[in-house]
1. Assuming PHE21 fulfils every condition listed in (1) farther than 26 Å from ILE61 by Cβ; (2) in contact with a His (Cβ under 7 Å, 6 or more places away or on another chain); (3) at pLDDT 95 or above apart from one, which condition is it?
2. Given the criteria of a type outside the set (Ser, Thr, Tyr), touching a Leu at 6+ places or on another chain (Cβ under 6 Å) and closer than 19 Å to GLU121 by Cα, does GLY44 qualify?
3. Can you tell me which of (1) part of a loop (DSSP other than H, G, I, E, B); (2) in contact (Cβ under 8 Å) with a residue 40 or more places away in the chain; (3) in contact with a strand residue (DSSP E or B) (Cβ under 6 Å, 6 or more places away or on another chain); (4) of a type outside the set (Asp, Glu) is the one HIS117 doesn't meet?
4. List pairs: first residue in the stretch 43-67 and assigned to a loop (DSSP other than H, G, I, E, B) and at pLDDT 95 or above, second residue surrounded by 13 or more Cβ atoms within 10 Å (Cβ to Cβ) and not small (Gly, Ala, Ser) anywhere in the structure, Cβ distance under 6 angstrom, at least six positions apart or on different chains.
5. Given ILE2, ILE12, which one is touching a residue at least 24 places away in the same chain (Cβ under 8 Å), surrounded by 13 or more Cβ atoms within 10 Å (Cβ to Cβ), under 29 Å from LEU115 (Cβ atoms) and more than 15 Å from the chain's Cα centre (by Cα)?
6. For the stretch 36-93, which positions are surrounded by 11 or more Cβ atoms within 10 Å (Cβ to Cβ) and of a type in the set (Gly, Ala, Ser)?
7. Is it the case that GLU36 is assigned to a strand (DSSP E or B), closer than 29 Å to GLU126 by Cβ and over 11 Å from the mean Cα position of the chain (by Cα)?
8. Quick check on the stretch 84-95: of everything there that is part of a strand (DSSP E or B) and in contact with an Asp or Glu (Cβ under 9 Å, 6 or more places away or on another chain), which residue is nearest to GLY3 (Cα to Cα)?
Amino acid sequence: MIGLCLGLSGVIWAQLELSEFTLAWDHTIEKIRWEEDYRVTETGLALGEARIKGNGAGMEIPENARLENGSWHYYRQLPPLQPLKLGRTPQAGDYQLCHAGHCQPMAHWLGPPTLEHPSVELWSCERRSIIQR
């Protein structure tokens, strides 16, 4: 079965038994929340709907976005991402992984963001290859 792996350069730091999740974060300057929904597939992480609470410096709302319940909802056409690379530093704050209506900071699985590991990768992987960091 397919799950979600978190790590770097193919080294698994944590593995989650998820088939879908939301990646959420606050823009480092504007402090506006972004959310992206993903499905975990054999070919990678398939981006679904994305949402943003507003706009600001470097944060343009896409033309096809619709305002619903205080957030702009839109879709981007991307091939499945394998891996999805994220910057993760103490200055920028942490991402949240949300599933079934519950969100946890990545620090829950990986510890707090550090300068020694300023990025993390997410990818789909076989659940049987579990190696904990």
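The values are calculated or read from the model by the stated rules, or taken from the named source; none is laboratory data. Since we're looking at a predicted model, the values are computed, not measured. Virtual Cβ from ideal backbone geometry, glycine too; neighbours counted across all protein chains shown.
1. Unmet condition: (1).
2. Values: of a type outside the set (Ser, Thr, Tyr): yes; touching a Leu at 6+ places or on another chain (Cβ under 6 Å): yes; closer than 19 Å to GLU121 by Cα: yes.
The answer is yes for GLY44.
3. (3)
4. THR43/PRO80
5. Exactly one residue qualifies, and that residue is ILE12.
6. Residues satisfying the conditions are GLY44, ALA46, GLY48, ALA50, GLY54, GLY56, ALA65, SER71, GLY87, ALA92, GLY93.
7. So GLU36 does not fit the description; no.
8. LEU84
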